[in-house]
Amino acid sequence: MTKRTAADRYARALLDVAVKEAGREAANEAAQRIERQLTEFAGLFTQHPELGRVLLNPAIPVSRKRGAVAELTARAQVTPILARLLVLLAERDRFVLLPDLVAAYRERLLQYLKVVRAEVTTAVTLPADRAKAVENGLASLTGRTVTLETRVDPSIIGGVVARIGSTVFDGSITRQLAKMREKLVE
């Protein structure tokens, strides 16, 4: 099993338990809180490299790792659901999965919240009102809330290229010129 597959399973279980324990009304807030806390915990490895070396070192006994994680989660006042998962990762010596777990949990959370990320590329910087109009158009097209990320690429000459997941909507002038060239060649 790859690290990404294992991390995805942990992320799915974490989100499922968070939603189930919080109830429908508070599920979104609880799931987002867990995402913030998980990200902060993973950030400890970057902020304190010695902590990462200890928790990732297979020579350190699991009981010491479990104790350290229990102490860290208690001090950070992490939700009980996340605390249990982090202790489980310590017991199984699986902290190597933490970066992939954070990414997988974020993806699952976005799916649960019905949020989709879109990347929009234009030839010039998009004014805020136009970006909002594109975001609203993509939201109505997908039926989901859209988080828009804009990029500037002068090589497209004009128009817009929108990417949502693996779907690309290419309304660039470069693409239109390429289509015209294909028709003229025929």
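Here are the numbers:
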quantity: Alpha-carbon radius of gyration plus Dmax, which is the widest Cα pair, for the chain in Å; calculated: 22.0, 72
quantity: Rg over Rh [alpha-carbon atoms, Kirkwood Rh] for the stretch 3-112; calculated: 0.96
quantity: Most mobile listed residue (VAL115, VAL78, VAL124) in the chain, GNM with C-alpha springs under 10 Å; calculated: VAL124
quantity: Among THR174, LEU184, ALA139 - extreme Cα towards positive end, dipole of the stretch 115-185, charges at beta-carbon; calculated: LEU184
quantity: Difference of contour (0.36 nm per residue) and Cα-Cα distance, ASN57 to SER166; calculated: 35.5 nm
quantity: Gap separating the Cα centres of the stretch 136-163 and the stretch 16-90, nearest whole Å; calculated: 35
quantity: Considering only the chain, percent of DSSP beta bridges that pair antiparallel, nearest 5; calculated: 60
quantity: Residue with peak Gaussian network fluctuation, the chain [Cα springs, cutoff 10 Å], from PHE41, PHE169, PHE95; calculated: PHE169
quantity: GluC sites (Glu not before Pro) lying in DSSP loop within the stretch 20-117, provided at most 14 other Cβ fall within 10 Å; calculated: none
quantity: Where labels lie 7 Å past Cα in the beta-carbon direction, separation of ALA178 and ASP129 in nm; calculated: 3.2
quantity: Estimated [θ] at 222 nm from DSSP helical runs (n ≥ 4, -39500 (n - 2.57)) normalised by residues in the chain, nearest 500; calculated: -22000 deg cm²/dmol
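Any read-out appearing in this document is the output of simple, stated calculations on the displayed coordinates, not a laboratory observation. Note that the structure is predicted; figures quoted are calculated from it, not measured. Positions of Cβ are backbone-derived with ideal geometry, glycine not excepted, and every protein chain shown enters the neighbour counts.
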